[in-house]
Amino acid sequence: RNENAIYSQLSHMKLENRCNFVKEKILKSKPASNTDLDDKDADFWYARGSRLVNSTSNNTYGDRTISEEPFLCFQKAIDKDPTFMKAHLGIAVGHYNAKRYWDALEVIKSAIKLDKYFADFWYLRAMISERLNQYEDVVNCYLFAYDLESLSKKDKATMIEKYVQAKQKLNQSK
């Protein structure tokens, strides 16, 4: 949005007090400098990246593309806290959504080295591997995810169902 147009419209409508309030609120919400942004923690950067992923996807020439800004935010979160698994997942999901499956798989594999018990990594890795027709990896991912103690009964049921489907696809591909 063009802030000046908003201010102009508010002023034109004789809402100068409201206009000044809005201006003040916007100025307060903006960091005073890059240093202020650098002081933000990993949660801030993760939340910002998540919002941007949801608001910047578009269709270009029939391909779904994602702005690079969310990736930068997720990377900033990782720079602040290398063990912030959701930020790693955010980058991988962004690549997956942009159909950059090999990039997504690379991110997931390196993140699994940091925390192999984060179930979402295994689920996404299985989805990626399925897109790449790597059914043996799909089977192994669902099996590993099923064995994680952090999963609910419902999630375990989903994992075993997905495992059975992947096993069937693996057998058909042989």
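The values are calculated or read from the model by the stated rules, or taken from the named source; none is laboratory data. Treat the numbers as computed from the prediction; the structure is a model and nothing was measured. Please note: Cβ atoms are built from the backbone with ideal geometry, for glycine as well, and neighbour counts cover all protein chains shown. Please note that ligands, DNA and RNA were not included when accessible areas were found on the heavy atoms of the full protein model with its side chains. Shrake-Rupley method; radii C 1.70, N 1.55, O 1.52, S 1.80 Å.
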Net charge near Ala119 (other residues with Cβ under 14 Å of its Cβ; Lys, Arg +1; Asp, Glu -1) is +2
Taking a probe of 1.4 Å and leaving out DNA, RNA and ligands, the stretch 123-163 shows per residue an accessible area in Å² of 59
In this structure, the FRET efficiency calculated for Lys99 and Glu69 from their beta-carbon separation, with R0 = 25 Å, to the nearest 0.05, is 0.85
Mean shadow area (nm²) of the C-alpha convex hull around the stretch 84-174 is 5.5
